[in-house]
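I have placed the structure first, in the form of structure tokens, so that the comments after it can refer back to it.
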Amino acid sequence: MKTIIKYMAIAASAVALYGCQDEHDDINTHNLPSASDINVELQMLDSNRVRFNLLNQGNVPIWHFSDGSQSTENGFVKQFLMAGDYSVEVKMYNKNGVSEGSITKEFSFTETFANYDNEIAILTSGSESVWQIAKDVAGHVGCGENQANPTGWYSAESGEKDGTGLYDDKFIFNADGTYTYNPGDDGLTYVNVGTTALGNAPGTEDFDAPNSEIKGTWKLEYRGSQLYLVLSPKTVLGYLADDAQWNAPEFAVTQVSAKKITLVWNGNGISWQYIIAPYSEAPQIENLWSDDLEKYETYYNPGWAVDPISDQLSVVQNGGVYKISAPIATSDTWQSQVKLLSNVSSAADKVYDFSVMLTPNANHDNVTVKLTETGNDENFLFEEKVSIEAGKPNEVKFTAKQGVDAAKLTLVFDFGWNPENFEVTVSDITFGESVSGPIDSDPEPIVEFEENPEGSILSEVASSWQTATYHGAADWSALNDFTVTKEGTNYKIHFTNSSDAQWKAQFRLVSQYLTKAGEKFDIRIKVKSDKDISKATFKLLSMDEQNANFTGDGIRKDIEADEVTEFIVNGFSSENDMEITTRYRQDGITAEKLDNGDPQTGGLTILFDFGGNPEDCNIEIFDIAIQKSK
């Protein structure tokens, strides 16, 4: 398993520092549920909806649908828009494991209940929206033998048609169903050779034909299971490929996202592809990201169970659009990961822009987006948390990010803390050299700590300090290769062996001190190591990490050998009174242990992680100051 997946599994509050497993004395792996015993009832509801019920008490269903989605909800309801025949594959599981084999149930519908709300919202932005040929996308115009391969014979490269009448054309879609084609300032339409609808031209090359604004209508409709964008006759969508297209501009919609729509017009023995994008006169980056990724990875571990269930985190890919379905709610960051592995590289001497659209079915305030070197989670361009709103495309955008030297990049999404039956569509990934070029970034602000001796609470906090240390091997098993020495309120830690990832060298100072709601405090801690440590992490929180967390995902800093590094947090406070809590293992019953063997029970807790430490590493934590804010 990749590093990023492993370190997140250990990092969470529900995970054992010492790598334990759930204890179930009555588990019998030789008594798995049998597929032949699966008893399923399908309730046909209105509007092509079906409720899927598993009647086997004490078991949980796993529904696998032909569209790639799945659910483990008993009584799950799903709508099927199109008339036709469908099936669902069913497995079930209980405490002993997942059934060997599965059964398939078939069902059908005779009516279609198509809903175009999402496509209409994208095309019109609720009122009116202007689109253009996506000139910077490879294949923005192309042709092939059929709809399945519409660029097999020809695919336009980025900007290939500069100098023609194609790229300034505007396509205006209104919510009232009206459509306007505008040939742009040059008044020209780019036409395929041999097409006569706008006049003939001698020669054997495509040509520009004078044209004027054309008004018509547009609509969406399904033909079988294929969605079509149908324009009124005698209008244009940028490139006029054929006289038959002039008379029947009806385009199969093969991909829809907030920033790109892919269409295919099917002619006689030839199919033409068009990619359109929202109109903009601003310079566009050359997108280095490919829509044709062949590899992605998932990691899914709700509640930090002993074994992840990554196959239940569904990803359905359609070109550069990924529909992700997480049927089970998760309770921590990094429990619901999708990694898109690319062949795109980056360089440390370049500056990059990045954007992506996320369209969820529920609000989510804890999404992590990270672009990192493949195979090295510590060498990344950015790692940011974002909030996304349900029912609309949310653009996540980072500009002028300094590159890193990486032969290949991986884009990581984490949807940990997702609700049950969470779905999100990832689309419109754009990554390229910044159009604004290198910029002078502001230096990192210097955080000062102002001593307030009268407000010091160090003695109150430190009087109850107990330590909890974890050092992890490559497989996350605990290494008992460390020593901790206390000198007053200072601590020295020695790690004999190295570690290879974040959260594999944790040190906690657990106190019984409880903060009150609204009280504000400051803290400063100095750290020194005899070896370089990359991106050490500092967190300040309650014992269980849930009752209070003052530093989010933590403050990360590089520690240079023999140099003093300060970690400072000013004005931290909690909305609620802190409570004495216990840190439990993933079974929810067994408490984590302090270094002295007692349960990890307490209040205000200081957490350091030196994961990635070199071997024979000595670390000092000293000159700690904790005080009430002035």
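The values are calculated or read from the model by the stated rules, or taken from the named source; none is laboratory data. Only a predicted model underlies this, so the values are computations on that prediction, with no experimental measurement involved. Here Cβ is always computed from backbone atoms with ideal geometry, including for glycine, and neighbour counts include all displayed protein chains. What goes into the accessible areas is simple: the full protein's heavy atoms, side chains included, and nothing from ligands, DNA or RNA. Shrake-Rupley method; radii C 1.70, N 1.55, O 1.52, S 1.80 Å.
Each Cα pair under 8 Å and six or more residues apart adds its separation to the average, and for the chain the resulting relative contact order is 12 percent. Along its first, second and third principal axes, ordered by size, the chain spans 92, 66, 42 Å in Cα coordinates.
Partners of residue 528 within straight-line reach, counting aspartates and glutamates whose Cα lies under 13 Å from its Cα and excluding those fewer than 8 residues away in the same chain: 558, 560, 562, 563, 566, 620, 623.
Summing +1 for each Lys or Arg and -1 for each Asp or Glu among the other residues whose beta-carbon sits under 12 angstrom from that of residue 452 gives 0. Computed from the Cβ-Cβ distance with R0 of 35 Å, the FRET efficiency linking residue 484 to residue 95 stands at 0.35. Ordered by 1.4 Å accessible area with all protein chains kept, 524, 51 run largest first as 51, 524. For residue 212, the accessible surface of its heavy atoms amounts to roughly 70 Å² (probe 1.4 Å, protein chains only, rounded to the nearest 10).
Helical runs (DSSP H, four residues minimum) scored at -39500 (n - 2.57) apiece and divided by the length of the chain put the mean residue ellipticity at 222 nm at -1000 deg cm²/dmol.
Normalised by the residues of segment 409-532, what does the relative contact order come to in percent, with Cα pairs under 8 Å and at least six apart? Taking the mean separation of contacting Cα pairs over the length of segment 409-532, I get 24 percent. May I ask you to derive the relative contact order of segment 209-306, considering only C-alpha pairs under 8 Å and at least 6 residues apart, and to give it as an integer percent? The value is 15 percent. Model label points for residue 125 and residue 280, set 7 angstrom from Cα along the Cα-to-Cβ axis, are 1.2 nm apart.
Cross-link partners of residue 78 among aspartates and glutamates, defined as those whose alpha carbon lies under 12 angstrom from its own and excluding same-chain residues fewer than eight positions apart: 46, 67. Rolling a 1.4 Å probe over the protein heavy atoms gives the chain an accessible area of 45 Å² per residue.
Overall shape of segment 205-276 was characterised from the C-alpha gyration tensor. The equivalent ellipsoid obtained from it has semi-axes of 20, 14, 13 Å, in decreasing order.
Charge tally around residue 559: other residues with Cβ under 14 Å, Lys/Arg +1 each, Asp/Glu -1 each, net -4. Per-atom-type breakdown for the chain gives carbon and sulfur 44% of the accessible area (1.4 Å probe, protein chains only).
Taking a Cβ cut-off of under 9 Å around residue 286, the surrounding Lys, Arg, Asp and Glu residues balance to a net charge of -2, with basic ones at +1 and acidic ones at -1.
When the GluC sites (Glu not before Pro) in segment 102-165 are filtered for DSSP coil states and for at most 15 other beta-carbon atoms within 10 Å of their beta-carbon, the remaining sites are 111, 145, 157, 160. Once the chain from residue 34 to residue 82 is taken as fully extended at 0.36 nm per residue, the excess over their C-alpha distance is 14.0 nm. Looking at segment 174-243, the GluC sites (Glu not before Pro) that sit in a DSSP loop and have at most 13 other Cβ atoms within 10 Å of their own Cβ are 205, 213.
Label-to-label distance, residue 595 versus residue 212, with points set 7 angstrom from Cα along the beta-carbon direction: 8.6 nm. In terms of Cα to Cα distance under 19 Å, which lysines are near enough to residue 215, apart from those fewer than 8 places away along the same chain? Cross-link targets: 170, 234. Looking at segment 350-409, the GluC sites (Glu not before Pro) that sit in a DSSP loop and have at most 15 other Cβ atoms within 10 Å of their own Cβ are 389. Each residue, residue 219 and residue 568, gets one label point 7 Å from its Cα in the Cβ direction; the gap between the two is 6.7 nm.
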